[in-house]
Amino acid sequence: MKLGVSPEFVTLAVIIGLVSSTWPQIGTNPIMALILSWSFKCNKAITSGVSLVFTPFQYALMIPFLRLGETNLGV
């Protein structure tokens with residue numbers, strides 16, 4: 001008998017937390033983490049925790065994402 005959350009759901013929650021932590025709109029990371037974890041039916045605490053820990057990546061990746069968008073759009 002399994003107790004708690006399965007490893008597959010923990011992995012899904014971590015991946016969703018990483019995706020929501022690099023969301024390009026500043027200040028919407030916790031909201032996006034909760035919306036994604038609700039829609040994929042995974043652990044909201046793990047998703048929110050990972051999103052909170054990896055939020056500095058949003059600021060570190062902002063310039064490379066902007067440059068990539070400029071390159072793709074030819075601006």
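The values are calculated or read from the model by the stated rules, or taken from the named source; none is laboratory data. Note that the coordinates shown come from a computational prediction; the quantities given were computed from them, not determined experimentally. We place every Cβ from the backbone using ideal geometry, glycine too, and count neighbours over all the protein chains shown. Only protein heavy atoms, including side chains, enter the accessible area calculation; ligands, DNA and RNA are left aside. Shrake-Rupley method; radii C 1.70, N 1.55, O 1.52, S 1.80 Å.
Within the stretch 48-75, the set of residues being among the hydroxyl-bearing types (Ser, Thr, Tyr) and under 19 Å from Ile16 (Cα atoms) comprises Ser48, Ser51, Thr55, Tyr59.
If you go through the stretch 1-14 and keep only what is open to solvent by less than 90 Å² (accessible area, probe 1.4 Å) and either in contact (Cβ under 8 Å) with a residue 60 or more places away in the chain or at negative phi (or both), you end up with Val5, Ser6, Pro7, Val10, Thr11, Leu12, Ala13, Val14.
The set of residues in the stretch 15-45 being open to solvent by 40 Å² or more (accessible area, probe 1.4 Å), in contact with a Leu (Cβ under 9 Å, 6 or more places away or on another chain), within 20 Å of Val5 (Cα to Cα) and part of a helix (DSSP H, G or I) consists of Phe40, Lys44. When Val75, Val50 are checked against the criterion of being open to solvent by less than 70 Å² (accessible area, probe 1.4 Å), free of Cβ contacts under 8 Å to residues at least 60 places away in the same chain and β-branched (Val, Ile, Thr), Val50 stands alone in meeting it. Of all residues in the stretch 53-72, which are surrounded by fewer than 14 Cβ atoms within 10 Å (Cβ to Cβ) and polar (S, T, N, Q)? Passing the criteria: Thr71, Asn72.
Within the stretch 1-14, being outside any helix (DSSP H, G or I) and among the polar types (S, T, N, Q) holds for one residue alone: Ser6.
Selection of the stretch 15-37 for residues being in contact (Cβ under 8 Å) with a residue 24 or more places away in the chain and either more than 10 Å from the chain's Cα centre (by Cα) or on the phi > 0 side of the Ramachandran plot (or both) yields Pro24, Ile26.
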